[in-house]
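The values are calculated or read from the model by the stated rules, or taken from the named source; none is laboratory data. These numbers were taken from a predicted model, which means no experiment stands behind them. Cβ atoms come from the backbone with ideal geometry, glycine included; neighbour counts cover every protein chain shown. Heads up: the accessible areas ignore ligands, DNA and RNA and are worked out on the full protein's heavy atoms, side chains in. Shrake-Rupley method; radii C 1.70, N 1.55, O 1.52, S 1.80 Å.
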Amino acid sequence: MLYIVHVLLFYAVYLEKKLYILQLSQQYVILKRMDKAALHESIISHTVMTFARSGGAGGQNVNKVNTKVHAAVPLDKLAGLSEAERALVTQRLAHSIHDGNVTVAVQDERFQERNREIALARIEQKIAAAARVQKKRKPTKPTKAARERRLKLKKLRSEIKQNRTRSMYV
């Protein structure tokens, strides 16, 4: 999916101790958004999994079967991410990236196959969440009715407190 961003380029100049800002050009830049299907396919095809014995509940099963899954995906082989999104993922998942691989360890279930599925889903969720660009907050003002409501409640609270003090000293 593509979306278009309007970009204005400015140039600042100091002339006789005054700052002049000049508009150089207007550009429309086409940015590519994350392709979740391509990302999903590349995660499935490039994930390297290793297995270990899991701790916790499970009885004798945990002592005999390698159910814990360590999954790693090379960040440079992921398809479906733009360069800006890849940079965001690298910055936001720095604690989960080791040797250029996004890593996850899962030992939630007693079965290795279920832990594999969970590991793939977690990697995909982590990458998608890290690559998402936050929308800039638009500051808003309270409505006239909200301001009046606030003032009315404030006046009511003030009267209640005034009545407390009068009754004590009368």
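For this structure, a couple of remarks:
- Calculated FRET efficiency, Val48 to Lys136, Cβ-Cβ distance, R0 = 30 Å: about 0.20 to the nearest 0.05.
- Neighbour-limited loop hits for trypsin sites (Lys or Arg not before Pro), segment 107-170 (at most 15 other Cβ within 10 Å; DSSP other than H, G, I, E, B): Arg132, Lys135, Lys136, Arg137
- Taking all protein chains into account, the per residue accessible area for segment 37-145 stands at 64 Å² (1.4 Å probe).
- Debye log10 I(q)/I(0) at q = 0.21, 0.22, 0.24 Å⁻¹ for segment 116-170, Cα point scatterers: -0.86, -0.89, -0.93
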